[in-house]
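The values are calculated or read from the model by the stated rules, or taken from the named source; none is laboratory data. All of these numbers come straight from a predicted model, not from anything done at the bench. Here the Cβ positions follow ideal geometry from the backbone for every residue, glycine too, while neighbour counts run over all protein chains shown.
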Amino acid sequence: MKKIDLVFRTVGERTTDIALEFAKKNIKPEKVHLIENVKPFSKAMQMILKLDIEADFIVFMDADCIILENMRPFLDKNAAAYVDCFVLDKFRGKIHTGVHITRRDVFEEMKRVKIQKNDMKYLLRPESRRRNLALEALKEGKQFKRFRIFHDFFQNYRDIYVKYALRELRSRTEHARLKLNFAMENWHNDDFDYVVAREAVKYARSIIKDYSSPQKIENFIKLLPEIALKKLKILHLDEKKKLKMQEVLNLRGAFNAIGQFDSKEKIFCIGLGRTGTKSLTAALDIFGYNIIHYPHDLTTFEELSSGDYNLSILQDYDGISDITISPYYPQLDKEFPNSKFILTVRDKESWLKSFEKHWSDRPPFDDPNQNEIYMKMRRLLRASVYGTYKFNRDRMGYIFDLHTKNTLDYFKDKPEKLLVLNIFEQDSFKKLCSFLNVPEINNNFPDVKTNEHLFELL
């Protein structure tokens with residue numbers, strides 16, 4: 001068994017005692033390091049970085065998470081540098097937050113990271129900013145894993161207020177604000193948790209403008225606990241009573257009954273590369289769908305290579321985008337019969353120009369920027385989708401037309417399962433909303449051209 005330490009952080013959340021009890025049971029750590037009542041979080045992060053940890057991996061966990069699944073089997077076999085955990089959040093649905101599995105070398109590198117003065121990303125997310133810089137220095141990336149974890153279902157009103165004032169500050173990009181606004185559409189006023197969260201967002205937007213200085217934002221964050229108490233008095237809300245274990249068990253039973261974590265309803269974005277699959281992935285993220293773009297892990301490679309289309313990675317994601325699954329839509333339709341498919345298209349000539357440029361610095365062999373598994377996946381998919389390792393204009397034009405024709409032919413008797421989408425058209429967002437049966441967003445479609453940009457958004 002690997003040595004696993006738990007770093008458990010609490011600022012007095014209502015869930016603290018029960019969350020720690022479940023964490024000890026389902027992680028089985030060698031040691032537990034408690035970080036208690038240290039505010040703001042940047043100070044807590046400084047304390048964490050002083051810890052002397054000898055374990056192989058560290059699970060960093062916030063007290064607002066209740067782990068209801070045995071994580072130990074995964075922890076013992078995991079070798080990834082960093083795994084972010086998908087949780088079920090009361091306010092925003094399926095998100096990755098609150099529980100972070102970190103290899104010790106990444107933690108040590110986090111200690112060495114130098115933070116620039118007035119780094120806004122660090123000010124708003126001190127842990128994730130420091131960790132991302134450490135991963136970049138080690139040339140490592142993130143992986144994601146879904147566990148049965150409840151997040152923010154039982155919090156005190158004061159903590160909800162502080163959290164959603166901060167959430168608004170962290171949602172100042174167009175993409176993040178759209179995502180927050182969409183989540184807020186489902187906050188009903190007969191639940192005071194949602195009322196408090198909505199008031200916090202509204203207040204933060206009124207006080208902290210987009211052009212506010214880092215110093216003003218920092219001072220606002222420090223005062224948030226005091227502001228929260230004042231606002232709750234105005235709302236005439238008494239704080240909640242001590243959390244009882246039965247409340248948690250009742251919620252677990254309810255979600256077990258409706259199978260929230262085991263859906264076979266997926267979304268597959270089956271357009272060819274350079275047709276807007278990254279932008280579509282970002283758009284789906286706004287609506288709460290966790291879509292992985294171009295997975296290239298060893299397990300997925302081995303499954304595709306052997307013709308196994310019940311892909312393991314879909315246990316953790318709501319769908320896949322790009323050519324990892326573009327040629328396999330008939331098989332995926334069989335494996336996941338309640339799923340939806342989106343075929344992204346664009347003007348053929350502009351696609352050919354973009355595609356030729358895209359392949360110009362991506363050789364099929366000996367790419368110093370990629371590892372062995374990534375290169376094997378690149379060759380497998382080029383052979384499966386395009387029938388060639390290198391760009392050939394005639395061949396690519398033929399495949400472009402053939403892929404569209406074959407997809408339309410396959411779905412002609414079940415048109416409700418397929419959306420043909422040109423993201424460059426003015427009404428593309430409206431079409432996507434209608435297809436997904438979600439409230440319409442009057443906005444331009446996301447414009448995401450690089451993996452780095454997509455990584456930042458998700």
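For segment 366-380, name all the residues that are part of a loop (DSSP other than H, G, I, E, B) and either of a type in the set (D, E, K, R) or over 20 Å from residue 139 (Cα atoms) (or both). Before the answer, list the steps.
So the first thing to find is which residues in segment 366-380 are part of a loop (DSSP other than H, G, I, E, B), and the list is 366-371.
Selection gives 366, 367.
Looking at (1) within 25 Å of residue 249 (Cβ to Cβ); (2) among the small types (Gly, Ala, Ser); (3) not in a helix (DSSP H, G or I), find the lone condition where residue 197 falls short.
Status for residue 197: all satisfied but (3).
Can you name every one of the helices (runs of 4 or more DSSP H) wholly within segment 119-181 that holds 3 or more residues which are farther than 18 Å from residue 228 by Cα and at pLDDT below 95? Write out each step before concluding.
Details: elements: 120-124, 126-138, 157-169.
Filter on segment 119-181 gives 120-124, 126-138.
Given the residues 140, 218, which is the only one that is surrounded by fewer than 19 Cβ atoms within 10 Å (Cβ to Cβ) and touching a strand residue (DSSP E or B) at 6+ places or on another chain (Cβ under 7 Å)? Quick ask: steps written out before the conclusion?
Details: 218 fails: touching a strand residue (DSSP E or B) at 6+ places or on another chain (Cβ under 7 Å).
Just one listed residue meets the conditions, 140.
Sort through 275, 324, 299, 281 and tell me the only one that's crowded, with 21+ Cβ neighbours inside 10 Å, in the same structural domain as residue 432 (by TED's automatic domain parsing) and either among the aliphatic types (A, V, I, L, M) or not in a loop (DSSP other than H, G, I, E, B) (or both). Give the derivation first.
Working: 275 fails: either among the aliphatic types (A, V, I, L, M) or not in a loop (DSSP other than H, G, I, E, B) (or both); 324 fails: either among the aliphatic types (A, V, I, L, M) or not in a loop (DSSP other than H, G, I, E, B) (or both); 299 fails: crowded, with 21+ Cβ neighbours inside 10 Å.
Just one listed residue meets the conditions, 281.
Checking residue 341 against (1) at pLDDT 95 or above; (2) touching a Pro at 6+ places or on another chain (Cβ under 6 Å): exactly one of these is not met. Which one?
For residue 341, the exception is condition (2).
Please work out which one of (1) part of a helix (DSSP H, G or I); (2) touching a Leu at 6+ places or on another chain (Cβ under 7 Å) is the condition residue 395 fails and give its number.
(2)
Output the residues belonging to segment 182-206 that are aromatic (Phe, Trp, Tyr) and in contact with an Asp or Glu (Cβ under 9 Å, 6 or more places away or on another chain).
Within segment 182-206, the subset aromatic (Phe, Trp, Tyr) is 182, 187, 192, 194, 203.
If the condition is that a residue be aromatic (Phe, Trp, Tyr) and in contact with an Asp or Glu (Cβ under 9 Å, 6 or more places away or on another chain), then 187, 203 are the ones that fit.
Return the total of residues in segment 302-315 being touching a Phe, Trp or Tyr at 6+ places or on another chain (Cβ under 8 Å), in contact (Cβ under 8 Å) with a residue 12 or more places away in the chain and surrounded by fewer than 19 Cβ atoms within 10 Å (Cβ to Cβ). Before the answer, list the steps.
Of the residues in segment 302-315, the ones touching a Phe, Trp or Tyr at 6+ places or on another chain (Cβ under 8 Å) are 303-304, 309, 314.
Next cut, in contact (Cβ under 8 Å) with a residue 12 or more places away in the chain only: 304, 309, 314.
The next check asks that each one be surrounded by fewer than 19 Cβ atoms within 10 Å (Cβ to Cβ); those that pass are 309.
Of the residues in segment 302-315, 1 are touching a Phe, Trp or Tyr at 6+ places or on another chain (Cβ under 8 Å), in contact (Cβ under 8 Å) with a residue 12 or more places away in the chain and surrounded by fewer than 19 Cβ atoms within 10 Å (Cβ to Cβ).
Yes/no per residue for (1) part of a helix (DSSP H, G or I); (2) on the phi > 0 side of the Ramachandran plot; (3) modelled with pLDDT under 95:
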site: 203; (1), (2), (3): yes, no, no
site: 211; (1), (2), (3): no, no, yes
site: 221; (1), (2), (3): yes, no, yes
site: 227; (1), (2), (3): yes, no, no
site: 252; (1), (2), (3): yes, no, yes
site: 256; (1), (2), (3): yes, no, yes
site: 260; (1), (2), (3): no, no, yes
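Tell me yes or no: at least one residue of segment 418-429 is in contact with an Asp or Glu (Cβ under 9 Å, 6 or more places away or on another chain), in a helix (DSSP H, G or I) and at pLDDT below 95. Show your work before the answer.
So the first thing to find is which residues in segment 418-429 are in contact with an Asp or Glu (Cβ under 9 Å, 6 or more places away or on another chain), and the list is 422-424, 429.
From the residues that got through so far, the ones that are in a helix (DSSP H, G or I) too are 429.
With at pLDDT below 95 added as a condition, the list becomes 429.
The answer is yes, given that some residue of segment 418-429 is in contact with an Asp or Glu (Cβ under 9 Å, 6 or more places away or on another chain), in a helix (DSSP H, G or I) and at pLDDT below 95.
Any residue at all in segment 398-415 that is among the hydroxyl-bearing types (Ser, Thr, Tyr), touching a strand residue (DSSP E or B) at 6+ places or on another chain (Cβ under 6 Å) and not in a loop (DSSP other than H, G, I, E, B)? If you could, list the steps in order and put the result at the bottom.
Restricting attention to segment 398-415, the residues satisfying the condition of being among the hydroxyl-bearing types (Ser, Thr, Tyr) are 398, 404, 407, 410.
Retained after the next criterion (residues that are touching a strand residue (DSSP E or B) at 6+ places or on another chain (Cβ under 6 Å)): 407.
Remaining after also requiring not in a loop (DSSP other than H, G, I, E, B): 407.
So far as segment 398-415 goes, yes, one or more of its residues are among the hydroxyl-bearing types (Ser, Thr, Tyr), touching a strand residue (DSSP E or B) at 6+ places or on another chain (Cβ under 6 Å) and not in a loop (DSSP other than H, G, I, E, B).
Has segment 179-195 got any residue that is farther than 24 Å from residue 10 by Cβ, surrounded by 18 or more Cβ atoms within 10 Å (Cβ to Cβ) and among the basic types (Lys, Arg)?
yes
List every residue pair whose Cβ atoms sit under 6 Å apart, with the two residues 6 or more apart in sequence or on different chains, where the first one lies in segment 416-433 and is within 20 Å of residue 338 (Cβ to Cβ) and the second, anywhere, is surrounded by fewer than 16 Cβ atoms within 10 Å (Cβ to Cβ) and of a type outside the set (Gly, Ala, Ser).
The qualifying pairs are 433/440.
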